[in-house]
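Input: a single structure, listed below in structure tokens.
The values are calculated or read from the model by the stated rules, or taken from the named source; none is laboratory data. Because the structure is a prediction, the values reported are computed rather than measured. Cβ atoms come from the backbone with ideal geometry, glycine included; neighbour counts cover every protein chain shown.
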């Protein structure tokens, strides 16, 4: 009985030792992934800031004026924009096979 108990304790000790190192390895991998996610989020924030900076209306207007001869772009004016009600959407029959569709409603309109 004593020998069986000693062998059992040794087996449980080896298993616990392996589980401990396995857990430590997984914790290190998780921390590495969390650092990578944090770095990716920081890069994404910088890219969003750059995108917002590059798409400033005054900058785009100046670029359109500077490159008018090459691109024939006209400056943006408020009357060039429409409202949601002016957009012609496809009929519901065409949308039956579409997955993950998003319904668009106008301001003040509630479903």
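Tabulated values for the structure
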quantity: Filter pass, residue 31 being surrounded by 10 or more Cβ atoms within 10 Å (Cβ to Cβ) and modelled with pLDDT under 95; calculated: no
quantity: Count - residues of the range 67-85 that are part of a helix (DSSP H, G or I), surrounded by fewer than 10 Cβ atoms within 10 Å (Cβ to Cβ) and at pLDDT 80 or above; calculated: 3
